[in-house]
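The values are calculated or read from the model by the stated rules, or taken from the named source; none is laboratory data. Not measured: the values here are computed from a predicted model. Counting neighbours? That spans all protein chains shown, and the Cβs are built from the backbone with ideal geometry, glycine included.
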Amino acid sequence: MSPPPVVAIVNPASSNGRTLKRWPALQQALHQRLGAIDIVQTEAPGHATLLCRQALERGATRVLSVGGDGTNNEVLCGFVDEAGRNRFPEAELGLVPSGTGGDFVRHLGRRPIAQWLDVLGHGEATRVDYGVARFHDAAGRETVRPFLNIASAGISGLVDYHVRHSNKLLGPTATYLVGTLRGVIEHRPKRVRLRADDGPVREIALDLAVVANGQYFGGGMWIAPRARCADGELDALWTGDGSKLRFLGLLAKVFRGGHADDPHVTCARVQRLSLEPCERADVVLLDLDGEQPGRLPASFHIERAGLRVRAAGLPGPARSRA
């Protein structure tokens, strides 16, 4: 017997275990809107990628990600090959928000959960861009991984570490803010070479570099106010060569998006960006959709209109690639 065309991948540990408590009501609401669906739960980090790949290879036409940004990232990984290209370009990723940060959901616009579920049942998919990062994992192996929302390097990697090891009882925004403050205190800037597209190579003592498909990261920080997830470009910004006090001043502007006009912040719209430590022994950590998967050197590029997504807040139906 063939599996249902819709598979829901549930991360019961997301949102500090709150997803497990919400799931019975979500499950009933999904059945009401979608009918028969196959439901699987993750059991460990990385499991969502395997479950998604298995579902797509068995013929699923839509995979629902029930969790937060990290869960969405793992499910997206199940769509792509070793080079970051989508192996299943006609299949859909459906988003059921229930996570700690929820930053890609915030980018699309906060709405009652019923609206998200209605789109899954009766809406249309939209082709969106996603990013691809090539970097070194903790063991030094070259790795390729996609991102739906934001990739970054520098202080953000330390923030991910502290958020992952916190109890998250303060809620998403406060949890990320505390993690950010700890990251700023511990951060020691390393000199890196940065290149955007075919532009000149810049050398800076990096505090933070961001490559954005969505607008928010860190539990509500409006880091890339001009980013759009279906415009064919990534929004990049970087800052460095400054003091901790200056960075804290920038941080105070981030929640309003005012940092983008600060003279110490460089912004660019790019297809590609690369970052490489000037000293091979220097460790500069990465952030990918709120997870900390590795370190520099790293390069990032965009896969334009590479993914069909069904979610509230997207602009319109899926379009064929040019």
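Candidates in the stretch 122-145 are the residues that are within 13 Å of the chain's Cα centre (by Cα) and over 26 Å from G240 (Cβ atoms); of these, the one that is surrounded by the most Cβ atoms within 10 Å (Cβ to Cβ) is Y130. Residues in the stretch 135-190 that are among the aromatic types (F, W, Y) and at pLDDT below 85 were compared, and the one that is nearest to L285 (Cα to Cα) is Y161. Residues that are among the hydrophobic types (A, V, I, L, M, F, W, C), surrounded by 24 or more Cβ atoms within 10 Å (Cβ to Cβ) and either in a strand (DSSP E or B) or in contact with a Pro (Cβ under 8 Å, 6 or more places away or on another chain) (or both): does the stretch 154-165 have at least one? No, the stretch 154-165 has no match at all.
Tell me, please, whether a residue that is free of Cβ contacts under 8 Å to residues at least 12 places away in the same chain and part of a helix (DSSP H, G or I) can be found in the stretch 55-65.
Yes, the stretch 55-65 contains a residue that is free of Cβ contacts under 8 Å to residues at least 12 places away in the same chain and part of a helix (DSSP H, G or I).
Scanning the stretch 75-113 for residues that are assigned to a strand (DSSP E or B) and either in contact with a Pro (Cβ under 7 Å, 6 or more places away or on another chain) or modelled with pLDDT of 95 or more (or both) gives V80, N86, E92, L93, G94, L95. Confirm whether A298 is modelled with pLDDT of 95 or more and surrounded by 18 or more Cβ atoms within 10 Å (Cβ to Cβ). Considered against the rule, which asks whether it is modelled with pLDDT of 95 or more and surrounded by 18 or more Cβ atoms within 10 Å (Cβ to Cβ), A298 comes out as yes. Could you say whether any residue in the stretch 127-137 is touching a residue at least 40 places away in the same chain (Cβ under 8 Å), among the hydroxyl-bearing types (S, T, Y) and touching a strand residue (DSSP E or B) at 6+ places or on another chain (Cβ under 6 Å)? Checked against the condition, which is being touching a residue at least 40 places away in the same chain (Cβ under 8 Å), among the hydroxyl-bearing types (S, T, Y) and touching a strand residue (DSSP E or B) at 6+ places or on another chain (Cβ under 6 Å), the stretch 127-137 yields at least one hit. Within the stretch 51-75, the set of residues being surrounded by 17 or more Cβ atoms within 10 Å (Cβ to Cβ) and over 15 Å from the mean Cα position of the chain (by Cα) comprises L51, C52, R53, A55, L56, A60, R62, V63, L64.
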